[in-house]
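Presented below is the structure to which this report refers.
Any read-out appearing in this document is the output of simple, stated calculations on the displayed coordinates, not a laboratory observation. This structure is a prediction, so every number in the text was calculated from the model and none was measured. Cβ coordinates were reconstructed from backbone atoms using ideal geometry, including for glycine residues, and neighbour counts include every protein chain displayed.
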Amino acid sequence: MIIVIGAGPAGLAAAEAASRNGSEVALIDSSSRLGGQYWRHRSKVTGYRSNRADEIFAKVSAAQSITHISEANIWSAEREGNLIRVNYLQGGIESSLTAEKVIIATGAYDRTLPFPGWDTPGSMTPGAAQSLLKGQGVLVGKRIIVAGTGPFLLPVATGLAEAGAEIVALIDANSPLRWSLSPLALLTNITKFSELVYYVRLMRKFRIRPHFGRAVTTFANGVATISAVNSGFHIKSGKSQAMRADVVAVGWGFVPDLSLGGILGCAQRVDSDGTVIFEVDENQLSSQPQIWIAGEATGIGGADLSLIEGEIAGLAASGQKIRHALLTERVRKQRFANALKRSYPVRDGWREWITSNTTICRCEEVKSQEIKDSVSELGAEDSRTSKLFTRAGMGLCQGRMCSRNVSEIVSGITQCAVTDGERIAASNRPIAAPISLGQLSDGKNSR
Amino acid sequence: MKNPDAIVIGAGIVGASSALSLTNAGLKVLVIDRGAVSSGTTGAGEGNILVSDKDPGPELTLALHSRNLWFEMQEDVGDSFELEAKGGVVVARRDDGPLMKLATEQSHHGVTIEKCNETRLHELEPYLHPDISSGVFYPQDAQCQPMLAAAHVIRTVVQRGGEFISQAKVTRIIVEDCAVVGIETTRGTFRVPIIVNATGTWAGELAELAGSYLPIAPRKGFILVTEPTKKYIFHKVYDSDYVANVASSDADLQTSTVVEGTRSGTILIGASRERVGFDGAMSYEILRTLAAQATSLFPVLRDVQLLRAYRGFRPYAPDHLPVIGQDAKVKGLWHSAGHEGAGIGLAPGSAALITDAILGRDSFMDGAAFSPARFATVNS
Amino acid sequence: MTQTITFTFNGNPIHCEEGQSIAAALINSDQRELRKTRFGDEPRSIFCGIGICFDCVVVVNGVANQRSCLIEAHDGMKVESAQ
Ligand SMILES: Cc1cc2nc3c(=O)[nH]c(=O)nc-3n(C[C@H](O)[C@H](O)[C@H](O)COP(=O)(O)OP(=O)(O)OC[C@H]3O[C@@H](n4cnc5c(N)ncnc54)[C@H](O)[C@@H]3O)c2cc1C
Ligand SMILES: Cc1cc2nc3c(=O)[nH]c(=O)nc-3n(C[C@H](O)[C@H](O)[C@H](O)COP(=O)(O)OP(=O)(O)OC[C@H]3O[C@@H](n4cnc5c(N)ncnc54)[C@H](O)[C@@H]3O)c2cc1C
Ligand code: FES
């Protein structure tokens, strides 16, 4: 049997591909619905070429050998001889499943940067605004600013507008001219133009004006400050403007969730943009035997790349032949993913947006000044020691939101670059999802 | 720093306390660590300052004095590391005979005890399992935040004229005529006649660099950390089996629960003891055992969620006693290491002992039981 | 046809569609503030929307720190900002 963890584009493609030769597949996801972060909808899927989702949903649902285990939160995984056991919580009860092979496709979440007011209600990630709309049918606000960087801001802004919100502004800190750095990626991914045209048309229709080289640098009492920033994200003086909005949805790309692969010992590396990702070979095999990884967890590249990686992983894990065309297709998509990284970098000028009183760790309410003091007064030299002194990253989210930012703030003071070792250590957690002590101890008695 | 009087290797709680007491005695001290302050086992410690878990003997004498020195250190350095005389409650689940006997003996050696009947026990810990009916209250047991303590203590040393160099790994100890003359590190060479080896679990490696020998090995421990909760636990509460485990030489896994609340609202549950070298692998079976023991002490914890688990390697000597004193072979090389699961509690006491020994003054106790010479016959 | 259900938030009845998350139901009822923080007593709402950040935690039927963006509302559920 093959366990596929995550039912987003990568996991769906992996399950579908593996089932082609009749391999038994258990597709496990924490949600009640298939689709992952992008395709998880209550109603009709909207967005560019969204019928792809329908096709794969239909195939996965029709496949006899795929069992979908929904609303199952995997909190840990362990090796047992030649088998791999995944432990999950479903309906408050712990269960587990063992298999010879595992495909990890656990996806990513929005990357965020702190700014004064980012912890007040009304400030959220674009992913939050979108998942509330598509997953729940709820519009988060009436006047919304969508900001940050990256192409993902387009579907969010247009989706919210279609649902009736007024998009006050769509703001990207980077300039679209950065695409000129990647001519080859553009030429080989010509189809991406039609996607762009699709969204530009929608933006015209809803009168959404894009602004480039700007960022939301404060938010309070329904007013956001929009500052002009240079290519290093430093604020250009005298060029800021106030805008009224009840929601600011700000995101800076994505961060993969590495917990489960990390627990199983899969090797990781730091990508060119500082993101920690898994190392995989040409068949998506991780450094650990019998464990394949696909989708955002091997590098942020969007749904298209996730689909191909998932398909390759599914074929490899089930021992099927992988067509050469699929591999070249992946190269092409990866080229585009690299162009995305080049076009939408996150620069460290953001460290000047925060004030001494800005919350950095939302869970433990640690302010920027406390982090600075932990370095200058107490001798912290990385996010780990700063965490031991300030509790930043020790709260409920276990540093998923702040640890990368804490590293960057500490490094800004010590003037030492964040090491790969620190980035990798800060991206790993031994408990992938919370489990109660009662559930944990009952698991002992049941074995 | 040119020509320090002494170099302390290791910026954990043991090294920090030693540096402070040497500085307060008038020496110019340089502290060196291969990482940052608190980056070793101190960064994994729970911060219990316990007298309750020690049998009468030299370690208890050290622990009692050390506990008082913690409060003196707080006065010296400032109230900055969450020191609190919270008190410990040790419960007996089955036969309370051994626990009561130990408590009586401890009380003859300076430990304040209060034997508790069912009513008193549940007054101290209202959420304790109703079936548990006997225990002992130890008001002297205390708690601190060890990483903050080490950092604030090092900071005080620096304010008083000492120096701290981080990210400097000691790669060589220069010995001439059986005496220390200096060290080489990845950030420079220093001449010095006195070295304090406070490298905890790695102290054996340091001894080897000087051509000597110390049998210090790692003893792995896991700790569970829960989400912040309402205040359910008022003292450090543990099972009397814990005492037997601490003293055990068995390599196999032992677990016995110590449950305690922290200021931040999280509950810490520790700790397992295992001798498996530096194997850092996570064991979910151990987490389950710890959780089962904690919830059987406090059923209310069943609904509390586990946030994280972490592990550390306690520095452990074969006879479970710390190693404090001058090296048996190399003059000027002083060890203060191997404090196993009690290094936080014993740190200031050990610092006082080693400072007195270095300066050749009388100390509060006879430290012969801790002498490194006890291992010399084995391997020389 | 989706069914309408009712749960309480800090004692007040909230109506929503069956299958909606607690957070979605509350935001749809103009109840954006979900809780106050432990130390600073600051208001918090949803932030990541997908179960990662834990900003949206509430007490559900007496169990603390439950992510309201993930948990579906059920008829008769008792949801509170704090214990
Ligand atoms: C909120 C959000 C909205 C997005 N919207 C868009 C969009 O509109 N357009 C676009 O191009 N890209 C969007 N993205 C980017 C998106 O990450 C990718 O395009 C694509 O979804 C990646 O697919 P994937 O299969 O790698 O991961 P995902 O789609 O993220 O799927 C991973 C799945 O694994 C599950 N999972 C993770 N950990 C566990 C666990 N421990 N136990 C059980 N299940 C687990 C998750 O619940 C999820 O269903 C969005 C991302 C986010 C976070
Ligand atoms: C899970 C767990 C729970 C614990 N709970 C408690 C408790 O509640 N109460 C208690 O009293 N004790 C507890 N302990 C034990 C306590 O943490 C240790 O005894 C104590 O921290 C040891 O302190 P140290 O300063 O000797 O060592 P460390 O803190 O390890 O410091 C040694 C330092 O030496 C440095 N070093 C090593 N080699 C070199 C080199 N070659 N060059 C330069 N620097 C070097 C290291 O980087 C390190 O910073 C616990 C331990 C564990 C693992
Ligand atoms: S909003 Fe982030 S966990 Fe619910």
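Observations on the model:
- Share of pairwise Cα-Cα distances greater than 26 Å in region A:205-331 is 46 percent (whole percent).
- Relative contact order [Cα under 8 Å, 6+ residues apart], region A:112-252, whole percent: 35 percent
- Size descriptor, Kirkwood hydrodynamic radius, that averages inverse alpha-carbon separations across the protein assembly as shown, Å: 29.4 Å
- Difference of contour (0.36 nm per residue) and Cα-Cα distance, residue A:186 to residue A:162: 5.8 nm
- Looking at region A:346-447, none of the chymotrypsin sites (Phe, Trp or Tyr not before Pro) sits in a DSSP loop with at most 15 other Cβ atoms within 10 Å of its own Cβ.
- Ranking of B:350, B:212, A:32, A:318 by neighbouring Cβ atoms within 10 Å, starting from the fewest: A:32, A:318, B:212, B:350.
- Region B:33-140: C-alpha gyration tensor shape, a/c 1.5 cut-off, then a/b vs b/c: prolate
- The fewest-to-most ranking of A:103, A:145, A:5 by surrounding Cβ atoms within 10 Å reads A:145, A:5, A:103.
- Relative contact order of region B:1-127, taken over Cα pairs closer than 8 Å and 6 or more residues apart, is 18 percent.
- Separation in nanometres of the label points that stand 7 Å from Cα toward Cβ, at residue A:352 and residue B:131: 6.6 nm
- The relative contact order of chain A comes to 18 percent, based on Cα pairs under 8 Å that sit 6 or more residues apart.
- DSSP finds beta bridges in the protein assembly as shown, and of those with both partners inside it, around 65 percent are antiparallel.
- Restricting region A:186-254 to chymotrypsin sites (Phe, Trp or Tyr not before Pro) that sit in a DSSP loop and have at most 13 other Cβ atoms within 10 Å of their own Cβ leaves nothing.
- GNM flexibility winner over chain B from B:156, B:257, B:186 (Cα, springs under 10 Å): B:186
- Taking a ≥ b ≥ c as the square roots of the eigenvalues of the Cα gyration tensor, chain B is classed as prolate, since a/c reaches at least 1.5 and a/b is larger than b/c.
- The mean count of C-beta atoms from other chains within 10 Å of the C-beta of residues in A:421-433, rounded to a whole number, is 2.
- Mean-square fluctuations from a GNM of chain B, with a 10 angstrom spring cutoff on Cα atoms, peak among B:56, B:215, B:98 at B:98.
- Antiparallel beta bridges, as assigned by DSSP with both residues in region A:112-252, represent about 40 percent of the total such bridges.
- Region A:354-426: C-alpha pair distances exceeding 15 Å, %: 43 percent
- Environment charge of residue A:189, counting only residues whose C-beta is closer than 10 Å and scoring Lys/Arg +1, Asp/Glu -1: +2
- Point-to-point label distance, residue C:41-residue B:172, nm (Cα→Cβ direction, 7 Å offset): 6.3 nm
- Max mean-square fluctuation residue, GNM over chain A, Cα-Cα springs under 10 Å, options A:330, A:362, A:201: A:201
- Over the C-alpha trace of chain A, radius of gyration and Dmax come out as 21.8, 66 angstrom.
- Straight-distance crosslink candidates among aspartates and glutamates, where the alpha carbon sits under 18 Å from residue A:205 and sequence neighbours closer than 8 are dropped: A:162, A:166, A:195
- Between residue B:362 and residue C:18, the simple spin-label model (points 7 angstrom out along Cα→Cβ) gives 8.5 nm.
- Test item: C:70-83 mean partner chain Cβ contacts at 10 Å: 1
- With K and R counted +1 and D and E -1, the other residues having a Cβ less than 13 Å from that of residue A:62 yield a net charge of -1.
- Per residue of A:125-134, other chain Cβ atoms within 10 Å of the residue Cβ number 5 on average.
- Solvent-free Debye scattering, log10 I(q)/I(0), computed from the Cα coordinates of region A:112-252 at q = 0.12, 0.17, 0.21 Å⁻¹: -0.47, -0.93, -1.31
- A simple count of charges around residue B:99, restricted to other residues whose Cβ falls under 12 Å of its Cβ and scoring Lys, Arg +1 and Asp, Glu -1, yields -2.
- Here the extension length gained between residue A:20 and residue A:70 equals 15.8 nm, from 0.36 nm per residue of separation less the Cα-Cα distance.
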